[in-house]
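Please read the structure below before turning to the comments.
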Amino acid sequence: MRAAVVNAFGGPEVVEVVETEVPEPGAREVRIKVAAATVNPVDAGVRQGVFGGAGKRIGLGWDVAGTVDAVGVASAWSVGDEVVALDYGMVKPLGTHAEYVVVPTDAVAPAPRTVGAVEAATLPLNGLTAAQALDLLGLSAGSSLLVTGAAGAVGGFAVQLAAQRGVVVTGLARAGDEELVRSLGAAEFVVDGRGGAFDAVLDAAVLGAPALEWVRDGGAYVGVIPQAAPEGVRGVRATAVEVAADGSRLAELAGLVDSGVLRLRVAETFSLEDAGKAHALLAGGGVRGRVVLVPGA
């Protein structure tokens, strides 16, 4: 099978598409024939060596939508099931940017029924990150929340999920993104959070210390990169989400897609052979929606 990997760290040009063996599922694992897989900033970090692994072949890709085509012992899934999954791991020999991927059974969920595989592939990593970040904040209906990077993938999901829970959301993004952010459910829109005093900040833009200042005394802050979470001040509870594969929670998110609560956004699609071009587009910045690889294209 074909898979996108890196054998050396660097820019988009180091992404290679290689021939490798089709992986076999073990106990409590399933193999998915990949219909679509999303390119995320974490893939760029892996490509650049942020997470280590020098001297190894490293596979790329965390998100996947596709069809179960083989199962191991004690798997709850059946061949032919249409699914989505999160393949967690920074340094691994193969990821979801491949024709087939093996993942644990409990990382898998039924694919949303109302969208195609390309759209569905944008849900697992960013949707779970947003949902688990909101869980850490523990906000009740009527609480005020500032979401930085509200037009981005994680931020956009956070706006939608928080608004669905009755949280009063202010979205922070570029001025040109106001219409988009409000359409996702933000009650207010700002391009700078200064002067705010929010019950909580979900810092999807990784602004760090400046965003912490926009939390009221005794409020809460959650970042999306554990290493970059600033220390709490003024009684602010500061933490960071580290996404975890969770098939049950992913199934809930897929249900929200089908009920119209969550909108999935695709920026552009590329064939697996053009994985390097997909990385280059992402590296250029300003992408709204996710870049998706389609192995069969």
- Task: Residues in segment 271-297, backbone N under 18 Å from the label point at Glu82 (7 Å along the Cα-to-beta-carbon vector): list them, ranges by number please.
- Result: 294-297
- Note on the structure: Expressed in µm² per second, the diffusion coefficient of segment 126-240 from the Stokes-Einstein equation, with Rh the Kirkwood radius over alpha carbon pairs, at 37 °C and 0.692 mPa s, is 248
- Note on the structure: Read-out semi-axes √(5λ) of the Cα gyration tensor in Å, candidates [x] 33, 24, 16; [y] 61, 20, 16; [z] 32, 21, 17; calculated match is [z]
- Note on the structure: Going fewest to most other Cβ atoms within 10 Å around each Cβ, Phe198, Phe51 line up as Phe51, Phe198
- Can you list residues whose amide H is under 5 Å from Ala98's amide H, if they're 5+ apart or on another chain and H is modeled 1.01 Å from N? Ala4
- Computed E for Ala280/Lys56 - FRET, C-beta separation, R0 22 angstrom, nearest 0.05: 0.40
- Charge dipole (debye, nearest 20) of the chain; +1 at Cβ of Lys and Arg, -1 at Cβ of Asp and Glu: 340
- Task: Give me the distance between the Cα centres of segment 17-46 and segment 231-297, rounded to whole Å.
- Result: 16
- Query: Using 0.36 nm per residue, how much length does the chain from Ser183 to Ala8 gain when fully extended, once their Cα-Cα distance is taken away?
  - Reply: 58.9 nm
- Scan around Leu293 for amide H atoms under 5 Å from its own, H built in the peptide plane at 1.01 Å from N, and keep only partners 5 or more places away or cross-chain. Ala37, Thr38, Val39, Phe270
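Every number here is computed from the coordinates shown, using simple stated rules; none is lab data. Everything numeric in this text was worked out from a predicted model, so none of it was measured. A quick note on method: Cβ atoms are made from the backbone with ideal geometry, for glycine too, and the neighbour counts reach across all protein chains shown.
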